[in-house]
Each structure stands twice: as C-alpha cells, then as structure tokens.
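The values are calculated or read from the model by the stated rules, or taken from the named source; none is laboratory data. Note that the coordinates shown come from a computational prediction; the quantities given were computed from them, not determined experimentally. All Cβ positions, even for glycine, are placed from backbone atoms using ideal geometry, and neighbour counts span all protein chains on display. To get the accessible areas, we keep the full protein, side chains included, count just its heavy atoms, and leave off ligands, DNA and RNA. Shrake-Rupley method; radii C 1.70, N 1.55, O 1.52, S 1.80 Å.
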Amino acid sequence: MSDLAGSLGRVPELPEVEALAQFLREHAVGAVVGRVDVAALSAVKTFDPPVTALSGRDVSGAARWGKFLGMDCSGLWLITHLSRGGWLRWIDEPSPTPPKPGGKSPLALRVHFFTPEGATPAFDLTEAGTKKRLSVYVVDDPKLVPGIARLGPDALELTEPEFAELLRGTAGRLKTVLVDQTLLAGIGNAYSDEILHTAKLSPFATAKTLPPEKVTALYEAMRTVLTDAVTRSVGQDAARLKGEKRSGMRVHARTGLPCPVCGDTIHEVSYTDRSFQYCPTCQTNGKPLADRRMSRLLK
C-alpha cells in the first residue's frame with residue numbers, strides 16, 4: 001500500500017502532482033479499469049458520463065494540469081483535484097467489499113484495475129479533515145473541468161519573456177501572483193515561499209514594478225525550485241515523497257528556526273486560514289512584514 005499524497009501537511013503542488021502522474025503512468029497504464037466505487041457523492045462534480053462509464057476501459061495515460069491530476073481511460077478522463085487534505089493511495093490487494101457511501105470514512109473514490117499480469121490492484125482517493133474539498137470529474141475533454149479551463153500557463157512551461165509580461169500585467173504582490181492559478185498554474189503556498197526566498201525577494205513586492213534583473217532572478221528561482229522538487233519527487237515511494245517535500249523546504253513551515261542561508265530567524269505572516277514564511281535578512285532588508293493577526297494579539 002502506498003500513500004502518494006496528503007499527509008504532506010500541505011496542499012500537493014506541481015512537483016507532487018507530477019510525481020503522482022508519473023506513478024500512474026508506471027503502475028496503471030496498460031491495465032483495464034474494473035469497478036469504480038463512489039463513497040463520497042459530494043466529491044463527484046460531473047454526472048454525464050457517469051463514473052461507471054470508466055469500467056472496462058484501458059488506461060492509456062496520465063497527465064497533470066497545474067495541481068489537477070488526470071488518468072486517460074481510452075479517451076475518457078478521470079480527473080481529480082486533491083485540495084488541502086487529499087490523498088491518493090495505491091493498494092495492491094484491495095477489499096472486494098464495496099465501501100458504504102456517506103460514511104465517516106475519509107474514502108471518496110476507489111478505482112479497481114485488472115493488470116495484464118493478472119493482478120487486481122486499486123487506488124483510493126481519500127480526504128482527511130472535516131472540510132471536504134476533494135473533487136472528481138469524468139469528462140471526455142479535460143478543458144471541460146472549470147478549474148482547468150481557468151488555469152494560466154504552467155509554471156514550468158513559461159519562457160522568461162512570457163513571465164516578465166505576466167508580471168508587468170498585474171499590480172498584485174509577488175506572493176499573490178505566484179499562487180494565483182489563473183495567472184500561473186501549479187505553484188501553491190509552500191513552493192512560492194521557497195521561490196521568493198531563493199530569489200531574495202519580499203513576498204509583498206509589487207509584481208509590475210519589479211526591475212528586469214529581479215524578474216530574471218525570480219524566473220530562475222521558480223524554475224530551479226520546481227525542477228529540483230520534481231526531480232526529488234518523481235520515482236519516490238510514498239514515505240519518501242512526503243519526506244522529500246518537507247526536507248527540501250528552507251523557509252516554508254519553519255517559523256522560528258534559523259534561515260539555512262544567513263542564520264536569521266524565519267518569520268511568519270498569518271491570515272485566517274493560512275500563513276507564509278520568509279527570512280527578513282534575505283528578503284526584506286531585515287524588516288519584518290506586517291502581520292495583522294499578531295498586531296491584533298499585541299493590542
């Protein structure tokens with residue numbers, strides 16, 4: 001059994017989802033889809049064609065769009081967005097008993113397979129926590145998924161001139177721009193922290209006024225951080241995939257620890273349901289950024 005996402009403590013982003021796509025290419029392609037069990041009806045966002053239409057189809061490929069993961073079943077796509085608490089778990093010997101829909105189990109969907117070797121594995125899509133945001137779509141064209149249709153260019157497919165033009169076209173802060181999936185697909189809270197730290201840029205810097213040399217630094221940091229993370233993630237088993245993301249972080253989720261570059265204490269800016277981390281010495285000329293939550297606590 002392999003837990004391929006979730007339990008990373010963070011939303012799976014481009015590197016982890018790319019690793020999942022590669023895992024499916026290696027383990028599911030060539031198999032035939034058997035029974036599909038839906039345990040959480042709310043997770044299924046499309047109804048025509050139904051999920052049962054996947055049964056009997058050959059798995060011919062797997063792909064990624066931003067943070068969306070898709071499995072090609074002879075022209076019919078099973079697509080999921082794992083959201084904050086999503087998991088993909090490969091099971092070599094799944095239970096033959098269908099799960100009960102609507103229970104308290106984290107299981108959302110189970111897909112059974114028949115492999116050419118005669119094995120009968122499956123994968124589970126599960127979601128931890130009380131906020132159920134994992135979504136599943138069955139479509140004959142991935143662009144029919146609203147979230148995919150709205151995606152900006154993939155962060156690893158953008159050229160530097162295209163990236164510079166993107167930044168010039170928005171007045172947002174760099175942190176906001178990097179995680180906006182309609183502008184740039186695949187980067188989330190964790191890797192945006194790492195990219196900004198590598199580029200030595202403030203999360204609050206304004207995108208459209210960034211000097212050309214800093215645009216270049218940001219672009220190169222984005223490619224380096226994401227490419228390195230993909231290299232570490234692809235081919236890893238479950239436990240190592242989780243550990244690779246954590247071990248590769250220099251500032252994200254490391255509030256109060258020393259910066260591995262300069263030794264300064266890593267700071268945090270908190271919001272209602274999320275936070276981000278940065279190094280004042282490396283990124284903001286030694287000045288702490290405004291943290292509204294901490295300001296309120298100190299009053």
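How many residues are assigned to a loop (DSSP other than H, G, I, E, B) and surrounded by 18 or more Cβ atoms within 10 Å (Cβ to Cβ) if we restrict to segment 254-276?
The number of residues fulfilling the criteria is 3.
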Write out, first by first residue and then by second, each pair whose Cβ atoms fall under 9 Å of each other, whose residues are 6+ apart or on separate chains, and whose first residue, in segment 88-112, is touching a residue at least 60 places away in the same chain (Cβ under 8 Å) and within 15 Å of Arg133 (Cα to Cα) while the second is open to solvent by 20 Å² or more (accessible area, probe 1.4 Å) and acidic (Asp, Glu). Leu88/Asp3
Residue that is farthest from Leu24 (Cα to Cα) [pool: residues in segment 98-119 that are at pLDDT 90 or above and of a type in the set (D, E, K, R)]: Glu117
Got a number for residues in segment 142-183 being farther than 23 Å from Thr284 by Cβ and of a type in the set (Val, Ile, Thr)? 4
Result of the Cβ filter at 9 Å on segment 146-165, keeping first residues that are aromatic (Phe, Trp, Tyr) and partners that are in a loop (DSSP other than H, G, I, E, B) and surrounded by fewer than 17 Cβ atoms within 10 Å (Cβ to Cβ), at least 6 apart or interchain, is Phe163/Pro153
Could you grab me the full set of residues in segment 138-160 that are open to solvent by less than 20 Å² (accessible area, probe 1.4 Å), within 16 Å of the chain's Cα centre (by Cα) and aliphatic (A, V, I, L, M)? Ile148, Ala155
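I'd like to check something: does segment 196-208 contain any residue that is more than 16 Å from Thr284 (Cα to Cα) and either open to solvent by 10 Å² or more (accessible area, probe 1.4 Å) or touching a residue at least 24 places away in the same chain (Cβ under 8 Å) (or both)?
yes
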Can you list the helices (runs of 4 or more DSSP H) found entirely within segment 127-222 that contain at least 3 residues being at pLDDT 95 or above and in contact with a helix residue (DSSP H, G or I) (Cβ under 6 Å, 6 or more places away or on another chain)? 160-168, 174-179, 189-199
Only listed residue being assigned by the TED database to the domain that holds Gly70, of a type in the set (A, V, I, L, M, F, W, C) and either open to solvent by 60 Å² or more (accessible area, probe 1.4 Å) or more than 16 Å from the chain's Cα centre (by Cα) (or both), chosen from Leu107, Leu167, Leu125: Leu107
Residue satisfying all of: in segment 53-91; charged (D, E, K, R) and at pLDDT below 95; least open to solvent (accessible area, probe 1.4 Å) among these: Arg89
With the requirement that a residue be surrounded by fewer than 19 Cβ atoms within 10 Å (Cβ to Cβ) and of a type in the set (Phe, Trp, Tyr), what does segment 110-122 give you? Phe114
Please work out which residue is modelled with the lowest pLDDT, limiting yourself to segment 223-253 and to residues that are in a loop (DSSP other than H, G, I, E, B) and open to solvent by 70 Å² or more (accessible area, probe 1.4 Å). Asp237
